[in-house]
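Everything on this sheet refers to the single structure shown next.
The values are calculated or read from the model by the stated rules, or taken from the named source; none is laboratory data. Remember, it's a predicted structure, so these values are computed and weren't measured experimentally. We place every Cβ from the backbone using ideal geometry, glycine too, and count neighbours over all the protein chains shown.
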Amino acid sequence: MLALLTPLLPVRQEQAVLDWPQAGQASVEAPLVTYEPLRLELTVPCPVLRDATGTLVSTIPMESDQASAKGLIVAVRDGTLSVLLRDVPLLSAPVAEIGDCQAISVTSEAAATTAEIVGVNRADGTPFGATVTRDIRPQMVGVFTELDQAQLDGIRLHADIDSRFSSSPTALKLAAMIIAVLSTIVALIALHLLDTADGRRARRFLPAHWWRFTLADGAVLGTLALWHVIGANTSDDGYILNMARASEHAGYMANYYRWFGVPEAPFGWSYEVLSWMTRVSDASPWMRLPALLAGVVCWLVISREVLPRLGARVRSNKVALWTAGLVFLAFWLPYDNGLRPEPLIAAGALLTWCSIERAIATARLLPAAIGILIAAFSLAAGPTGLICIAALIAGSRPVLQVIVKRARGEAATQSILAEARAQATGSGDSDAHQGSEATPTHRPRGSFASGIFRYAALLAPGLAAGTLVLVVIFADQTLTTVMEATRVRTIVGPNVAWFDERTRWDSLLMLAPDGSLSRRFGVLLMLLCLLVCVLQVLRKGRIPGTSRGPSVRILGIVFASLLLMMWTPTKWTHHFGVYAGLAGSLAALAAVAVGVNGIRSARNRALF
């Protein structure tokens with residue numbers, strides 16, 4: 001509940017203002033990301049007019065051919081005062097006629113703009129003034145003048161700058177976020193205790209002998225380390241680095257590059273990590289360490305967790321291991337050596353799937369809750385994190401069966417334990433169930449209210465884990481500011497509809513940098529592996545020697561991910577980097593499928 005309330009809790013906004021003149025310099029450069037201030041107030045004392053000539057105040061340099069069309073200009077030329085705002089003449093009067101005035105005043109905001117000469121009237125008795133009842137606020141690049149510093153005495157310009165996104169959490173919001181994090185940790189611990197209530201001992205967290213270093217590890221990890229030093233970065237690294245540098249001074253992660261400085265939320269926590277890193281150094285090898293660490297995690301998970309779970313033949317097949325490593329590198333090297341979030345999402349997708357597989361194999365709910373947590377943070381890293389939803393969907397049915405049995409008061413059934421053994425040995429689901437009957441033991445069910453309570457106790461930790469990401473997304477923003485940021489991104493674009501997904505594939509297959517051979521190779525190889533494995537499963541029901549459950553689920557995850565990618569608002573080819581971990585796992589499965597034991601026909605083997 002506290003995580004859900006976080007977007008609605010108040011923040012402390014830091015109001016930015018510009019006051020001019022400033023000591024030591026007559027003109028000030030201050031280009032606004034929003035182009036226009038919220039409110040501008042200008043006062044020019046009349047004594048300044050007597051000895052002045054030229055531009056007194058301008059919000060755009062007079063050298064620009066758009067100065068009068070976009071900005072505010074107060075000038076004295078040929079003995080005549082003129083106030084011009086966006087080519088709208090607000091005031092014009094001979095200096096001699098207004099010599100006894102007190103000041104020139106201009107006030108501009110969204111509702112109206114008013115200009116007047118205070119302390120003097122026209123010859124007919126009417127005041128010198130004008131009001132425009134529409135939004136003609138000037139564009140502000142700074143404050144510029146042709147006057148000397150000594151002539152600026154008494155002139156005052158005050159601008160309220162739109163800094164609605166520069167905010168920090170209040171004490172109330174900070175307390176709510178801290179309690180939300182602690183409550184989620186307590187909920188996950190409680191779920192672990194419920195998991196162990198059946199008397200079975202907890203499974204070890206890391207696979208056995210995970211620390212053993214093989215030749216394949218040396219090849220893959222060594223290539224990652226070498227490419228981290230000599231490899232090409234992504235095309236977006238420049239502006240992402242500048243966003244990270246500027247965030248400390250802006251007070252939030254502002255996307256100045258495309259969307260008028262709106263915050264990156266709800267897809268920006270990975271950039272916040274980069275912002276913290278810039279306070280140490282902004283050197284490229286240092287800034288890209290998260291991507292390197294994500295690559296190391298991906299390979300360790302593939303080689304230690306994924307391959308053994310796919311079955312005995314995959315686990316013991318050196319060809320499968322090397323194929324997984326090479327296909328993983330075929331994705332990682334061209335796509336994931338930069339500051340973009342795709343490396344983190346690739347690792348997140350792999351960890352989400354492995355968490356769900358462990359939940360299914362052990363009939364425990366804590367791994368499922370951890371998988372939901374990882375999926376939520378992967379989605380908050382970037383829109384392409386949608387692929388993690390595919391892993392949750394693929395494993396939802398067996399996980400829901402565990403929840404239902406637990407809520408009904410049934411102990412772990414023989415069928416669940418048989419599936420767990422099948423996942424661990426790679427003997428296949430149906431083989432594991434042969435000769436064993438599901439003989440659940442029942443406990444008293446109690447009242448309807450107690451049944452609801454049992455369901456809530458099992459589901460609440462997963463919901464808490466999934467909503468915890470709201471604490472990160474809305475840590476220093478509110479629901480209103482994030483909705484405004486989303487509105488701006490939607491209007492400005494690019495915002496490509498789901499049915500135009502083909503544009504991503506068009507770019508991949510074009511003779512252009514987005515469709516280079518290095519980018520094309522891994523994606524086409526993944527599609528080939530998917531096709532081969534699907535055909536094997538459709539013909540034989542499984543890939544020989546593999547565990548059917550995880551094998552079918554990884555096929556479903558990759559296929560569903562291709563569909564879910566349609567809903568991302570942009571269609572760049574660098575998004576394919578999120579498939580690195582899944583593609584490596586799929587390639588290992590395909591290597592077994594097309595091996596001697598998988599395809600016995602010499603003709604079919606010749607095709608590969």
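No other residue among A216, A150, A197 is part of a helix (DSSP H, G or I), in the same structural domain as A294 (by TED's automatic domain parsing) and not charged (D, E, K, R) apart from A216. Note on region 1-40: among residues that are among the polar types (S, T, N, Q), out of contact with any Leu (no Cβ under 6 Å at 6 or more places or on another chain) and farther than 24 Å from A110 by Cα, the one that is surrounded by the most Cβ atoms within 10 Å (Cβ to Cβ) is S27. Among the residues of region 115-125, at least one is part of a loop (DSSP other than H, G, I, E, B) and either aliphatic (A, V, I, L, M) or under 30 Å from T480 (Cβ atoms) (or both). Screening region 489-531 for residues that are hydrophobic (A, V, I, L, M, F, W, C) and surrounded by 17 or more Cβ atoms within 10 Å (Cβ to Cβ) and picking the one that is nearest to F331 (Cα to Cα) gives V523. In region 292-327, the residue that is nearest to L206 (Cα to Cα) out of those that are under 28 Å from the mean Cα position of the chain (by Cα) and free of Cβ contacts under 8 Å to residues at least 60 places away in the same chain is V297. Here is a list: S275, S270, S235, S284. Which entry is farther than 26 Å from D514 by Cα and polar (S, T, N, Q)? Every option except S275 fails the conditions. Highlighted here are the strands (runs of 3 or more DSSP E) found entirely within region 15-68 that include at least 2 residues which are touching a His at 6+ places or on another chain (Cβ under 7 Å): 16-20. Scanning region 232-256 for residues that are more than 30 Å from L329 (Cβ to Cβ) and in contact (Cβ under 8 Å) with a residue 12 or more places away in the chain returns R245, S247, E248, A250, G251, Y252, M253, A254, N255, Y256.
Does T43 satisfy the criteria of being modelled with pLDDT under 90 and surrounded by 15 or more Cβ atoms within 10 Å (Cβ to Cβ)? No.
Only one of the listed residues (L5, L84) is over 30 Å from G251 (Cβ atoms) and outside any loop (DSSP other than H, G, I, E, B). That residue is L84. The set of residues from region 534-548 being in contact (Cβ under 8 Å) with a residue 24 or more places away in the chain and either out of contact with any helix residue (DSSP H, G or I) (no Cβ under 9 Å at 6 or more places or on another chain) or of a type in the set (K, R) (or both) comprises R542, R548. Among the conditions (1) closer than 30 Å to L18 by Cβ; (2) modelled with pLDDT of 85 or more, V120 misses just one, which is (2).
Against the criterion of being modelled with pLDDT of 85 or more, buried (at least 18 other Cβ atoms within 10 Å of the Cβ) and hydrophobic (A, V, I, L, M, F, W, C), A103 qualifies. Within region 194-214, identify whether any single residue is in contact with a His (Cβ under 9 Å, 6 or more places away or on another chain), within 26 Å of L292 (Cα to Cα) and surrounded by fewer than 17 Cβ atoms within 10 Å (Cβ to Cβ), and answer yes or no. Checked against the condition, which is being in contact with a His (Cβ under 9 Å, 6 or more places away or on another chain), within 26 Å of L292 (Cα to Cα) and surrounded by fewer than 17 Cβ atoms within 10 Å (Cβ to Cβ), region 194-214 yields no hits at all. Within region 47-58, does at least one residue satisfy the condition of being modelled with pLDDT of 90 or more, more than 16 Å from G142 (Cα to Cα) and buried (at least 21 other Cβ atoms within 10 Å of the Cβ)? There is no residue in region 47-58 that is modelled with pLDDT of 90 or more, more than 16 Å from G142 (Cα to Cα) and buried (at least 21 other Cβ atoms within 10 Å of the Cβ). Kindly indicate whether any position in region 193-207 is of a type in the set (S, T, N, Q) and more than 28 Å from P266 (Cα to Cα). The answer is yes, given that some residue of region 193-207 is of a type in the set (S, T, N, Q) and more than 28 Å from P266 (Cα to Cα). Taken over region 261-270, the criterion of being crowded, with 23+ Cβ neighbours inside 10 Å and part of a helix (DSSP H, G or I) is satisfied by S270 alone. Among the residues of region 103-158, those identified as among the charged types (D, E, K, R) and more than 27 Å from Q25 (Cα to Cα) are E116, R122, D124, R134, D135.
Taken over region 316-366, the residue count meeting the criterion of being β-branched (V, I, T) and under 15 Å from F377 (Cα atoms) is 2.
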